Each structure stands twice: as structure tokens, then as C-alpha cells.
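Here is the structure we will look at.
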Amino acid sequence: TTKGRLIIVNSGLSDAVVDLNVFTENGKQPLRTLNVPSKNYLVIPVDSLAPGDKTLTVNVLPRSGRINSFMIDEQGKGLRALGGDFVNPISAPSRSLVIPAIPNQGKKPGQGAAAVHVLRVLTPGDVDASVTVELLSADGVFIPVGLNARTVSAGLVTEFTFSPKISSSAFAVKISSTEPVVAAIESSVVSNGRRDFTWSTPAPELSEFTMAVTGLSPLIVFAGAEINVALEVTLVNGKVSRNAIKGTDIATWRVPASARSFTITKVGDNTYAGALVSSVNGYGYFPIAPGSVLTRVEIPDSNIRILNP
């Protein structure tokens, strides 16, 4: 049913070489090497990466060149669309991951069963991992049944399904592992009467920065032991309003519809945030993280011999 695609963009002035490491439920697939022409891009159908396998995790490893990669997951059955989503990337495996915003629409009248969430985990190393998942919600903090000290085999993509009986419209999960892992949660949702799904991925620790949200009114979900966040919201008319978000384990805040941007002016330690967006086009998620981070580099040392060898 997948119509997903992996897009690899080379924005550099020279050709690039990219390695694709693909993991599935059957193990690591043979290494695939691609050549991307300068100032060009490749579109690779997801079902061509590992034909016949059901669960994929893809590692894009540039060998040379200036590379960006994007994963678009679309599902369809015949002529019927089953939804689609942009899969946010994970920069590196970790022993502790926090997925701060996961939608939970619950069971509706006349619906046969509640929405099911699918946790996908991969240990890219050579040692098996023991994974525990802790769920954070306004109804309390608990470990879902069957997600305590679960063994995840190295190199195999493993999935766990769970359907928490909570009243909260959104929740967060904290994943603790004995080995570095990558993980994401797929959630089934309904937006404007249409079936859709969204991929929620881990977010980095929250820091002070500004994010533009013109035209959106996302629900921001904060997760952390002690949440203490100060916000400044700039409206489209130029006015600035200030908000303080405090709570324990999880807290939510809806961005005003008239907001142009919001700035996080103060944040406590070990706090994470993600956003859930609902529109006429569907449902989406994105982690709250700076779009670009300055990198410290060594100050160059001028030498006249560079010009006159």
C-alpha cells in the first residue's frame, strides 16, 4: 500500500556520493550507493529499497557533497488514499529518547476499536537492547502493558502496538534503552472526516529560539519532569504577549491563530516539546527545535604564503 518516497537533494556544485543503509524486520539490507549530480535531486520509491519487507528504517550517509534528505510516507489502497506524512529525521541513536507530542483521538461512538499506536524501534549497533517505554499524559504516568524491558534484536526493525485508555488528546513517551536506538510512533487519526496518520519522532532538548508560525495554530506539547517555560508571542498586528507554561511531566499550549511567531525566552533543563497541526489538508507533527544551529569553528590563520607560494 505504500507510495512513499525518499528524496535526496544535492545543493552543492559538485557531484555527491551517498550510501543508503536500509534496515527491515529481516535485518540489514545490502549497502546501496547512489551518485547525485550537482544541483540536482533523486526521488527513490520506498518500496524499491527492500521489496517484500514491511517495516523500513533508512540511514542516509553522505560520502561526499552537500546533501539533504527527506522522507515522504504516503499510503493508498487502489484509488483510495489512506493518508500521508513527512517523516522527521533523527540525527543520531541514543539510550534516552523523548517523543513529546503524540495525538490520541480515543474511541468514538460507533467506532469498533480505539486508535492504535505503533512504536517502531531499531538498534543499529551489534548488541541487543532492552527497551522500556514510559507514557506521560494528563491522566498520569505509567508504562503500557507489554512495553517494560522489551528485547529489541540488533539490526532488526521491531514494532510494538499499544492503545492507551486515556482521555488526553495528546501524550508523550520516554524511551529508555540499554543500547543506542532510534524510534518513532505512527498514530492513526481522522482529520475533517478523512483518514490520516502521522509519524511522531524524538525531539532534542528545548532551548531558547524563535519559530515562525504564521497561518498555523498548532498545539504545543511540553514534556519534562518540571516544566517551566516562558514565551513571547508576536501577533500579526505587531503586539507582543507573554505566556508562562508550568507543569509536571506534561503540559499543553495552543498557539493563537493570530500569531506571527513565538520566542522561547526561558526554559528549564530536560524539557522537550513537539507540535501537532490539524488543517483541511490533514494532520501533522513536527518537533520544536531550532531550524539552524551555529557551529563553532577555529578562526583561520592568514598566511602570505597562501597567495605567494
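Tabulated results
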| read-out | value |
| --- | --- |
| Verdict on Ala50 being open to solvent by less than 50 Å² (accessible area, probe 1.4 Å) and either without any contact (Cβ under 8 Å) to a residue 12 or more places away in the chain or more than 20 Å from Ala184 (Cβ to Cβ) (or both) | no |
| Selection count where residues are within 19 Å of the chain's Cα centre (by Cα) and open to solvent by 10 Å² or more (accessible area, probe 1.4 Å), scope segment 171-196 | 9 |
| Within segment 225-275, considering residues that are closer than 18 Å to Glu205 by Cβ and assigned to a loop (DSSP other than H, G, I, E, B), the one least open to solvent (accessible area, probe 1.4 Å) | Gly268 |
| Scan of segment 128-141 for residues that are part of a loop (DSSP other than H, G, I, E, B) and at pLDDT 95 or above, ordered by number | Asp128 |
| Where a residue in segment 147-158 is in contact (Cβ under 8 Å) with a residue 60 or more places away in the chain and assigned to a strand (DSSP E or B) and its partner, wherever it lies, is open to solvent by 60 Å² or more (accessible area, probe 1.4 Å) and of a type in the set (Val, Ile, Thr), with Cβ under 9 Å and at least six apart | Thr158/Thr151 |
| Scope segment 58-69; condition within 15 Å of Val157 (Cα to Cα) and either open to solvent by 70 Å² or more (accessible area, probe 1.4 Å) or not β-branched (Val, Ile, Thr) (or both); matching residues | Asn59 |
| Residue check, Ser167 closer than 22 Å to Gly224 by Cα, in contact (Cβ under 8 Å) with a residue 12 or more places away in the chain and open to solvent by 50 Å² or more (accessible area, probe 1.4 Å) | yes |
| Filtered residues of segment 198-212 (kept if more than 16 Å from Thr265 (Cβ to Cβ) and open to solvent by less than 40 Å² (accessible area, probe 1.4 Å)) | Thr198, Trp199, Ser200, Thr201, Pro202, Ala203 |
| Single condition Ser64 does not satisfy, out of (1) within 16 Å of Arg120 (Cβ to Cβ); (2) out of contact with any helix residue (DSSP H, G or I) (no Cβ under 9 Å at 6 or more places or on another chain) | (1) |
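Residue-by-condition table, conditions (1) within 28 Å of Ala289 (Cα to Cα); (2) surrounded by 18 or more Cβ atoms within 10 Å (Cβ to Cβ); (3) touching a residue at least 60 places away in the same chain (Cβ under 8 Å):
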{"position": "Val18", "(1), (2), (3)": "yes, yes, no"}
{"position": "Asn26", "(1), (2), (3)": "no, no, yes"}
{"position": "Leu31", "(1), (2), (3)": "no, no, no"}
{"position": "Asn35", "(1), (2), (3)": "no, no, no"}
{"position": "Tyr41", "(1), (2), (3)": "yes, no, no"}
{"position": "Leu56", "(1), (2), (3)": "yes, yes, yes"}
{"position": "Met71", "(1), (2), (3)": "yes, yes, yes"}
{"position": "Ala92", "(1), (2), (3)": "yes, no, yes"}
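The rows are residues; the columns are (1) hydroxyl-bearing (Ser, Thr, Tyr); (2) in a loop (DSSP other than H, G, I, E, B).
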position	(1), (2)
Ile7	no, no
Asn21	no, no
Pro30	no, yes
Thr33	yes, no
Leu61	no, no
Gln75	no, no
Ala81	no, no
Pro100	no, no
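The values are calculated or read from the model by the stated rules, or taken from the named source; none is laboratory data. The shown structure was predicted, so the numbers you read here are calculated from the model rather than taken from an experiment. Note that each Cβ is placed from the backbone with ideal geometry, even for glycine, and that neighbours are counted across all protein chains shown. For the accessible areas, the whole protein counts, side chains as well, though only heavy atoms, and no ligand, DNA or RNA atoms are used. Shrake-Rupley method; radii C 1.70, N 1.55, O 1.52, S 1.80 Å.
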